[in-house]
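The values are calculated or read from the model by the stated rules, or taken from the named source; none is laboratory data. This structure is a prediction, so every number in the text was calculated from the model and none was measured. Glycine gets a Cβ as well: all are built from the backbone with ideal geometry, and neighbour counts include every protein chain shown.
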């Protein structure tokens, strides 16, 4: 219960900051004519983003002599951080297609109910598609989904290593255009990957299957390379 309350408290600034930035930029740019997101100019773009990473309670299954053991060690993580970027193409009709990468890292708080040290980190490489919905007062909501790979791993309970695993992500957010080629955005993103194998470097007969999913709150900026008249 304490962990959930702390998580909620820490989440508020992460949510409030991008929301405040978007509201302010929307009010400032509302009269500039940059609010027709569904019929914008087509062009390539780059994005940068960063924010908070909130791992749910995950689990680690021990493997002994190649045999997965029954039961799981439940894991609790502290609030972490995430940052990344994307390169994509805006069709000018609301659809965007991009290649996106995001790095996430969170420190371990408890393992099996006991205070423990360690961390879990991932690097994702996703082919992502987003769609801009109808804009309002220079704010444009969007939704998206992606498929790709995540390099999942870290150091937990004497086990370590990383492994690339198939993964997917879903996202939803708001975008505010602040100039003809520049926009700010805030987004919630959920991602999940198949369990990754982590090994004990001192005992090759011991290993683990690390479950992974993540909730991220991100804020970022996008610049589009398109011709404006």
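Figures for the structure shown
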read-out: Identity of the residue in the range 173-182, out of contact with any helix residue (DSSP H, G or I) (no Cβ under 8 Å at 6 or more places or on another chain) and assigned to a strand (DSSP E or B), that ends up farthest from residue 215 (Cα to Cα); value: 182
read-out: Subset of the range 61-84 (residues that are surrounded by 16 or more Cβ atoms within 10 Å (Cβ to Cβ), at pLDDT 90 or above and part of a strand (DSSP E or B)); value: 75, 76, 77, 80, 82, 83, 84
read-out: Flag for residue 128 being farther than 26 Å from residue 204 by Cβ and either surrounded by fewer than 17 Cβ atoms within 10 Å (Cβ to Cβ) or modelled with pLDDT under 95 (or both); value: no
read-out: Complete set of residues in the range 38-60 that are assigned to a loop (DSSP other than H, G, I, E, B), crowded, with 21+ Cβ neighbours inside 10 Å and either modelled with pLDDT under 95 or on the phi > 0 side of the Ramachandran plot (or both); value: 40
read-out: Residue within the range 155-166 that is assigned to a strand (DSSP E or B), modelled with pLDDT of 95 or more, touching a strand residue (DSSP E or B) at 6+ places or on another chain (Cβ under 7 Å) and crowded, with 19+ Cβ neighbours inside 10 Å present; value: yes
read-out: Single match in 212, 185, 190 (criterion: under 25 Å from residue 115 (Cα atoms), part of a strand (DSSP E or B) and in contact (Cβ under 8 Å) with a residue 12 or more places away in the chain); value: 212
